[in-house]
Each structure stands twice: as structure tokens, then as C-alpha cells.
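Every read-out reported here was derived from the displayed coordinates using simple, explicitly stated rules and does not represent laboratory data. The structure presented is a predicted model; accordingly, all values stated were derived computationally and were not measured. When we count neighbours, we look across all protein chains shown, and the Cβ atoms used for this are built from the backbone with ideal geometry, even at glycine.
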Amino acid sequence: MPLPTFNPPMRPSAGTGIAPEVSLRRASFGDGYTQASPSGLNHVRRIVRLEWSYLTLTEAQAIDTFLTARGGYQAFSYQLNGEAEPRRWTCSEWSVTDGHPSQVRAVFKEDFSPGG
């Protein structure tokens, strides 16, 4: 089964925050020396904070429906602005503000799970 693709009704608002989540193994020694090594092949995971500030209620509900259908754990494909290829993501944290305009905020975490 192909990976669902997230196609929001418009690009996110300016100011998308991208931060790495780095997973390391550390060994501390008695003299203050620390040795670190990567915890697995994909030890740097991207965390992206996206916001859509000027949506109609229908557009906001479409984003909410897509994310709700993934249940917070199922991966989907999404291509960040300026990137050549889409990446796999999960999203277990988002909010919708009902208004005129409506707003959606979401946190995408890069997903390295096997499978399509």
C-alpha cells in the first residue's frame, strides 16, 4: 500500500521551525571525560513546526481530517519547501483554531520506520 501524501491547501506560513532531535549514546568517565556515539543509523531526526495562519474553516478541517486519519502514528509523505524529495513523517501533535481566518499548527517528526 503506498504511503499517503500530505497535500495541504496552501504552503505553510513563513517561519517554519526545523530542529534536529539527536539520539546519542554517552559514556561518562570519572575524570570528566565523556565519549559519545550515534544511537543507530538514523540518529538525527528532523522535528518541524508548521503553521497555516490564513485558512478557511474548510481548509483547516481538511488538514485536521488528514492528520486525524493517520492517528498520530501512521507515516505519511510530505515535501518541505526547498527540498528535492519528500520525507516520511508522523504527526501526533496539532491544533486547529476556528475563526476567520482559521489556523492550524502541527509538529511533524521524521519517521524512519520500514515499509511503504
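Take Ile47, Ile18 and order them by how many other Cβ atoms sit within 10 Å, fewest up front.
Details: Ile47 14, Ile18 11.
In increasing order of surrounding Cβ atoms, one gets Ile18, Ile47.
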When a footprinting reagent is the concern and you count Cβ atoms within 10 Å, what order do Phe29, Phe112, Phe76 take, fewest first?
-> Phe29, Phe112, Phe76
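Taking the beta-carbon count within 10 Å as an exposure proxy, list Asp98, Asp31, Asp64 from fewest neighbours to most.
Values: Asp98 9, Asp31 5, Asp64 16.
Exposure proxy ranking, most exposed first: Asp31, Asp98, Asp64.
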For the range 17-110, what is the charge dipole size about the Cα centre, in debye to the nearest 20, if Lys and Arg each add +1 at the Cβ and Asp and Glu each add -1 at the Cβ?
-> 340
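Please compute the length gained on full extension between Asn42 and Val107, using 0.36 nm multiplied by the number of residues separating them and subtracting their Cα-Cα distance.
On the way: separation 65, 0.36 × 65 = 23.40 nm, distance 1.90 nm.
21.5 nm is the gain from fully extending Asn42 to Val107.
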Under a point spin-label approximation (7 Å from Cα along Cα-to-Cβ), what is the Gln61-Asn7 distance to one decimal in nm?
-> 2.0
Mind checking the full-extension length gain between Ala69 and Ile18? Use 0.36 nm per residue of separation minus the Cα-Cα distance, one decimal, nm.
-> 16.0 nm
Expected 222 nm ellipticity per residue - DSSP helices of 4 or more, -39500 (n - 2.57), all of the chain, to 500 | -4000 deg cm²/dmol
Vicinal HN-Hα couplings computed from phi for the range 83-89 (Karplus, 6.51 cos²θ - 1.76 cosθ + 1.60; Hz; Gly/Pro x) = 9, 6, 10, x, 10, 8, 9
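Using DSSP to call loops (not H, G, I, E or B), can you name the GluC sites (Glu not before Pro) in the range 62-116 whose Cβ has at most 15 other Cβ atoms within 10 angstrom?
Values: sites: Glu83, Glu93, Glu110; in loops: Glu83.
For GluC sites (Glu not before Pro) across the range 62-116 that sit outside H, G, I, E and B with at most 15 neighbouring Cβ atoms in 10 Å, the list reads Glu83.
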The chain - Rg and Dmax from Cα coordinates, angstrom | 17.4, 60
